[in-house]
Amino acid sequence: MPGRRTGRLITATVFACLPLAALAAPAAANGIGDVYVATAREVLEIRVDQVRVVNTVDVPPVSTALAFSNDGRDLYVAANRQEVALIDIETISPAAPLEFTRPVAALAVPLGKLVVAAMPDTRTVAAMDPASGSVVSTAVVPGAVDLLASSRRDRNVVAAESGARWLASVDPADGTVQSTELPGVVAALAVDRTPGTAWVVTRSPNQLLHVSLPDLRVLAQIDVPDRPVAVASMLAGVVVATDRALLRLEAQQLATWGKPGHSIVAIAASDDGKVLVAGETDQVEAFSADGRRARQLQLSGTRSPLALAPIPGPSSLAGGTGLGFTSGSDASATGRPASSHMPVTATADGNGWVPGRAPVAGAAIVAAAILGAYWMVLRAHAGREERRKARAAARLRRS
């Protein structure tokens with residue numbers, strides 16, 4: 001009967017897809033990292049919610065900047081050299097480095113696919129197409145640029161020199177530059193989650209500046225009560241880090257939001273804007289959306305964080321408020337240290353944060369085999385049923 005055969009086929013399809021679902025789900029969350037941390041000797045792949053180092057990546061010499069491609073497949077690593085290392089996160093294999101003309105001190109990846117590099121020796125900001133390895137634009141800025149900020153939601157890149165008073169916005173598509181002088185010296189930069197504005201923290205005076213892009217018009221100036229070291233844009237607002245405090249902008253005033261355990265080196269917001277990761281002198285901490293410390297990972301030896309790069313995807317903490325506090329140490333690292341023939345690159349753990357293809361492909365083969373086998377059985381059964389009916393009809397005619 002057609003209805004019965006259809007029901008059997010649907011049942012077979014459901015059971016055939018079970019291996020695919022069972023293998024595809026772990027592929028997306030099988031101990032993978034969601035924050036990468038540059039230290040003096042290596043890059044650490046960290047799984048925030050599990051408070052552990054998933055893998056360590058040898059990267060001599062010291063890495064100064066990290067940046068993800070907007071699809072999360074590539075991690076770029078700068079180390080004050082002309083070569084910017086590239087780690088392919090999806091295929092878990094090293095790729096050819098990007099070759100710039102001068103040593104690169106900072107990296108940015110704005111909206112699109114271009115990789116933007118700061119080259120202080122020549123006071124230039126260069127944008128490269130990573131697919132072709134060709135430089136599409138070069139912008140000359142007022143000083144020895146060593147700070148860049150970008151957002152995958154905005155095409156503009158903000159550039160500055162640490163300790164200098166100039167600020168520039170660069171359109172990497174054509175190298176257009178606009179610049180301005182600030183009342184204080186620049187300490188850190190961040191592009192807002194909402195396209196069209198950026199944040200700058202300065203010293204002498206200690207201030208937080210909100211500027212429009214690309215014209216750099218000052219929209220707001222807010223006093224910072226202590227020496228600022230970093231700034232990040234979160235979903236709930238901008239957060240400024242001083243040496244031992246996290247302050248959030250509320251009603252045009254900075255109020256205490258979180259309290260780090262040690263001196264802050266760098267901060268970065270998760271891509272969903274709900275979790276703040278802080279790199280401190282000898283640990284990494286994660287703060288939930290309400291400013292509470294949710295995770296603390298102690299680092300040993302020479303593993304002081306220098307730069308942070310959250311993946312362009314939701315945090316493993318899911319950004320909830322009131323998350324329970326959990327601590328750990330890098331002694332629980334399970335990934336093997338890995339290095340490659342490239343001087344500033346290495347492989348990551350066998351599971352990239354992008355769902356792995358091999359397990360899913362294997363499950364698809366199993367599912368296809370089950371469907372094929374069941375279809376053959378169903379066809380054979382249908383054939384037998386038709387022959388039985390034909391014989392019954394013949395007997396009826398003879399009688």
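The values are calculated or read from the model by the stated rules, or taken from the named source; none is laboratory data. What you see is a predicted model; the values in this text were computed from it and never measured. Please note: Cβ atoms are built from the backbone with ideal geometry, for glycine as well, and neighbour counts cover all protein chains shown.
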### Task
Give Gly261, Gly273 a once-over and let me know the one that is surrounded by fewer than 22 Cβ atoms within 10 Å (Cβ to Cβ), outside any strand (DSSP E or B) and without any contact (Cβ under 8 Å) to a residue 60 or more places away in the chain.
Gly261
### Query
Does Ala27 satisfy being small (Gly, Ala, Ser), at pLDDT 85 or above and under 29 Å from Arg295 (Cβ atoms)?
no
### Message
Looking at Val185, Val125, Val140, Val135, can you tell me which residue is surrounded by 23 or more Cβ atoms within 10 Å (Cβ to Cβ) and in contact with a strand residue (DSSP E or B) (Cβ under 9 Å, 6 or more places away or on another chain)?
### Response
Val125
### Task
Quick one: count up the residues across the stretch 88-121 that are out of contact with any Phe, Trp or Tyr (no Cβ under 9 Å at 6 or more places or on another chain), modelled with pLDDT under 95 and among the acidic types (Asp, Glu).
1
### Task
Return yes or no: is Ala127 in a strand (DSSP E or B) and modelled with pLDDT of 95 or more?
yes
### Message
Test of understanding: among Ala289, Ala294, Ala268, Ala278, which residue is closer than 17 Å to Val48 by Cα and either in contact with a Gly (Cβ under 6 Å, 6 or more places away or on another chain) or outside the structural domain of His210 (by TED's automatic domain parsing) (or both)?
### Response
Ala289
### Query
Just a yes or no: is a residue in the stretch 62-75 in a strand (DSSP E or B), touching a Pro at 6+ places or on another chain (Cβ under 6 Å) and assigned by TED's automatic domain parsing to the domain that holds Ser150?
yes
### Query
Could we say that Ala266 is part of a strand (DSSP E or B), touching a residue at least 40 places away in the same chain (Cβ under 8 Å) and closer than 26 Å to Leu167 by Cα here?
yes
### Query
Checking Glu90 against (1) under 14 Å from Thr64 (Cα atoms); (2) not in a strand (DSSP E or B), which test does it fail?
(1)
